[in-house]
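Everything on this sheet refers to the single structure shown next.
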Amino acid sequence: MRSSIHLLASLLLCTMASGAARGEVLSARVARVSSGAGTLGAVQLELDWPRGAVQGQLRIRAGTLDFPAIEYAARGVDWQCPLRRTGPGGWACDGTVRTTGGKAQRLALVFDDAGILATLDAGAAGLAYRMRHDAPGQSDVMLRTVPVGWLKAFLAGLWEQGRWTAGTLDGGVHIASPAKGPFLITTKLKLAGVGLETPDGLLATDRLASTLRLAYRQAGTTRHVDAQLGITGGELLFNRLYAKFPKSPVQVHVVADREGTSPWTLGTLEARDPGVIEATGNATLTADASVRDLDMRVRSDNLSVAGTRYLSGFLAPEGFGDLILSGKLDASIKMREGALHALSVRAARINAVDSKARFTFAGIDGTLDWRADATQVDSSIAWDSGALFGIGLGPARFPFSSASGALVLRDKVVVSALGGSLVLNRLHWQAPSGEAGPDTRFGLALQSMDLASLSQRLGWPAFTGTVSGSIPSARLHGDVLDTEGGVDMQLFGGTIHMGDLGMERPFGTAPTLSANVEIQDLDLEPMTRVIGFGSISGRLDGRIDALRLVNWTPVAFDAQLHTDVAWDGKRRISQAAVSDISSVGGGGGLSGGLQAQALKLFKDFGYSRIGIGCVLHDNVCTMDGIGSAGDGYIIVAGAGLPRIQVVGFRRRVDWPTLVSRLRAASNGQAPVIQ
């Protein structure tokens, strides 16, 4: 802009002096006026200065106008203004500029002994340029609600990676480019509604409001930047940091230096949201502007606010986007050669509540230290109480040791739960390395946990018994959990064993669980009484292979349930149980030489075998029993008199329909069979 103004000023001054002296109409044609900032093409100048008049009429027309510095181009430029003297050697011209297809704007130029002042008024937006003769090489640009689009090229010169998409700027820019000495730029700007992004997606802003004080100095190949931001609203995404800024000012201060083509060194990194969070540190960048070395300390005395404003970008990808936090946190982070080198986290009375009721922890205190090098460091962290999926947990303390990128539990931890205990026998966490993500291995045991309490918390029928089991080895790699061993539940005088347990996204979206289940010797009489499924005596065996739950809802399994053929006790089934089983089987037939109405006179019946199977796939259960009966399958084979037989006739049953039948039967409702 400065060099273009100088060229235009020289041309105008020659025209003005000549026209004013001769007192007549003066015309000039110039094919091209060029500078490093812009170009005027097909220029025509006309000056009409009547003899003896105190002012003349100036008209400048240009076929083309291109200012790449502010990404502005126009055609058919026509500027008319009254030209007058402002003193010895001084001239001023203020008039309307029109362009083909554009809105009329006001352009004013003043040339005098003090310097040059150019002002462009475009409605709500305005630009002014001032150059003083007594300060060679120095100039000022004043901005009023200027869209960032006008200054894209200029801003790209300050930061090549930045793409400015929206917003306005107000304030001033001072430029010093002396013949000898450093090149300087200082700014005091107000940014409103600014949108900014980088091609790699590393950084983006939306509706950012702030003040910017920038000092840029370049001497030879040495560059120095001191930037201070006072942010008063908007959103920022930087890598995994997502911030929603308040209206109260958040102060950010960055001091950066660069020598030649070497990477930038950020000697000062500071961010302060008073009463909420403070971050201070320094960093060295790589050639592609990513972080090579970093030393940072982050402190929050109000996690309830800091979590909402600044932590969701870290928590949401792990499935904890709605985590409710309170308490205080003090953390230090070190990175070397682009990799995490050390991490220390100090917690003070932190409470963490998952809004989806998956977990709650209260009174978290202590320190957690991790090191990537061989230096060993011990730390410990504890909580006062907690809960997992509604299961209350007692107090616990976790002693850790860290070295060579690993975090290891030094001793087993026993946590009271449901009248028994949850035992964490071992824990080994290995930090990401290269392409490999973090790797977590642990061993877990359940000891005599009360099944009645568990059933109450999970909304199950009032089962009784205990839950015990052991997972000697489990591995969480990425979002996949694989296990060895299994969990045993002791209930109704028998055992349910869950083996080959595996999970995907345990705390993420649509968690998935897979397992194989074995059932041995469950006493049917108390079990059917609890679930409201009539009354059956005997023992139950079975299996559920390839069980798969998505978001805790079954989507696939191969289940076979049957009474124990080796059971030598009584085998009786109540009239209500016959009805319920008939409804679940999808048809239900009663036969044996007596009419169904006559069978209603009896309270229960003898049976020899009971069995039902279901293979769930694509939301449809393929049903089976303990044998064939014509087109159907036998669910209950009677014994003695009166003799009964329950037969199912629907081989393929819609899974939601089957679930509704089971629910109706357990609630004592009369099922509807279609």
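The values are calculated or read from the model by the stated rules, or taken from the named source; none is laboratory data. Keep in mind it's a predicted model, so treat the numbers as computed, not measured. Counting neighbours? That spans all protein chains shown, and the Cβs are built from the backbone with ideal geometry, glycine included. For the accessible areas, the whole protein counts, side chains as well, though only heavy atoms, and no ligand, DNA or RNA atoms are used. Shrake-Rupley method; radii C 1.70, N 1.55, O 1.52, S 1.80 Å.
Worth a mention:
- Helix-derived mean residue ellipticity, 222 nm - over the chain, DSSP H n ≥ 4, -39500 (n - 2.57), to 500: -3500 deg cm²/dmol
- When only Cα pairs below 8 angstrom with a gap of at least 6 residues are kept, the stretch 459-561 shows a relative contact order of 20 percent.
- Full-stretch length increase - ASP482, THR367 - with 0.36 nm per residue and alpha-carbon distance subtracted: 38.5 nm
- Over all other residues within a Cβ to Cβ distance under 10 Å of VAL110, the charged ones net out to -1, with Lys and Arg as +1 and Asp and Glu as -1.
- Label-point separation, ALA28 to GLN44 (7 Å along Cα→Cβ), nm: 1.7
- Within-13-Å neighbourhood charge of VAL487 [Cβ basis; K, R +1; D, E -1]: -4
- Pairs over the 21 Å Cα-Cα cut-off, from the set LYS328/LYS356; LYS247/LYS328; LYS152/LYS188: LYS328/LYS356; LYS247/LYS328.
- For the stretch 366-415, trypsin sites (Lys or Arg not before Pro) are listed when DSSP marks them as loop and at most 14 other Cβ atoms sit within 10 Å of their Cβ; the list is ARG410, LYS412.
- Label point 7 Å beyond Cα of SER433 along Cβ direction - residues of the stretch 374-403 with amide nitrogen under 16 Å: 374-376, 402-403
- Most to least accessible of TRP370, TRP552 (protein chains only, probe 1.4 Å): TRP552, TRP370
- Using a Förster distance of 56 Å, the FRET efficiency for PHE389-HIS253 (Cβ separation, nearest 0.05): 0.80
- With a cut-off of 9 Å between beta carbons, the residues surrounding THR563 carry a summed charge of +1, where Lys and Arg count +1 and Asp and Glu -1.
- Cα long-axis angle, helix 575-585 against the chain (0 to 90 degrees, to the nearest 10): 40
- Heavy-atom accessible area ranking, 1.4 Å probe, most first, across PHE400, PHE361: PHE361, PHE400
- Rounded to 10°, Cα long-axis angle of helix 655-666 versus longest principal axis of the chain: 50
- Taken over the alpha carbons of the chain as equal point scatterers, the Debye sum produces base-10 log I(q)/I(0) values at 0.06, 0.10, 0.12 Å⁻¹ of -0.60, -1.01, -1.24.
- Straight-line reach from LYS570: taking Cα to Cα under 27 Å and skipping same-chain neighbours fewer than 8 places apart, the lysines in range are LYS600, LYS603.
- Rounded FRET efficiency, nearest 0.05, which uses the C-beta distance separating THR186 from ARG106 and R0 of 25 Å: 0.35
- Residue-normalised accessible area of the stretch 521-567, given per residue in Å² at a 1.4 Å probe: 47
- Here MET503 sits with roughly 30 square angstrom of accessible surface, probe radius 1.4 Å.
- Built from the Cα atoms of the stretch 116-270, the convex hull projects on average onto 10.1 nm², one quarter of its surface area.
- Counting only protein heavy atoms and using a 1.4 Å probe, the accessible area of SER344 comes to about 10 Å².
- Placing LYS603, LYS356 in order of accessible area, with the largest value first and a 1.4 Å probe, yields LYS603, LYS356.
- Shown for the chain: the carbon plus sulfur share of the solvent-accessible area, taken with all protein chains present and a 1.4 angstrom probe, equals 56%.
- Heavy-atom accessible surface of the stretch 150-305, averaged per residue, reaches 52 Å², computed with a 1.4 Å probe.
- Calculated on the Cα set of the stretch 218-298, radius of gyration then Dmax: 14.0, 42 Å.
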